[in-house]
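Here's the structure we're looking at; comments come further down.
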Amino acid sequence: MRLIDSKRLRDGPEMKGFAPLEKFLYTGGAIKSVLYLEHFVEVEDSDFRPHKAILVDYGFLNCKDATDFDNSKGLYKQIFGMPRGSPVDLQKARIQGKLFNFVDKLITLKKKVTRKRMWRILKNPYPLPDI
């Protein structure tokens, strides 16, 4: 991405349609948990088990029942379908421990009960303390 940025091509017409490439290059070639999450929310098979990293990173371990789990999966699927639902920005929010803030900016959670439930679910152990 540094090379693309140095040539000021990131926002140019040359990069249209290359979002997957940008995500891969942004990660330095390493698979980030947000890419596992993106794959997981697209799979319709109910027997498909998500990568362990996303269970912790994106709050699925905080789900009390199948409804919470399915609602969380649907929420992330909705975010990935939005123009402003950048996986890179979601990954940054995850690392900062600000998933709820990120989601709340993109999706209006109107009911107090829904907001409270999602606040509970979208908690993760980040940012990790310095050791």
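The values are calculated or read from the model by the stated rules, or taken from the named source; none is laboratory data. This structure is a prediction, so every number in the text was calculated from the model and none was measured. FYI the Cβ positions are ideal-geometry reconstructions off the backbone, even for glycines, and counts take in every protein chain you see. Each accessible area value is taken on the protein alone, full model and side chains, heavy atoms only, with ligands, DNA and RNA left out. Shrake-Rupley method; radii C 1.70, N 1.55, O 1.52, S 1.80 Å.
Each label point is 7 Å from the Cα along the Cα-to-Cβ direction; what then is the distance between the points at Leu61 and Lys123, in nm?
Distance between the two pseudo-spin positions: 1.3 nm.
For Lys116 and Lys52 in one chain, what is 0.36 nm times their gap in residues minus the Cα-Cα distance, to one decimal in nm?
Between Lys116 and Lys52, full extension yields an extra 20.6 nm.
Using the eigenvalues of the Cα gyration tensor, what equivalent ellipsoid semi-axes result for the stretch 84-131 when each is taken as the square root of five times the eigenvalue, whole Å, largest first?
21, 15, 5
Once ligands and nucleic acids are excluded and a 1.4 Å probe is used, how much of Phe48 is accessible, expressed in Å² to the nearest 10?
Taking all protein chains as shown, Phe48 has close to 70 Å².
Ignoring ligands, DNA and RNA, how do Asp104, Asp47, Asp65, Asp57 rank by accessible area with a 1.4 Å probe, largest first?
Largest accessible area first, the residues go Asp47, Asp65, Asp104, Asp57.
Let me check something: with ligands and nucleic acids excluded, how do Lys52, Lys123 order by accessible area (1.4 Å probe), largest to smallest?
Lys52, Lys123
Which length gain, in nm to one decimal place, applies between Glu42 and Leu109 when the Cα-Cα distance is subtracted from 0.36 nm times their residue separation?
21.9 nm
P(r) tail for the stretch 38-100, what percent of Cα pairs lie past 15 Å?
Summing the P(r) of the stretch 38-100 above 15 Å gives 52 percent of all pairs.
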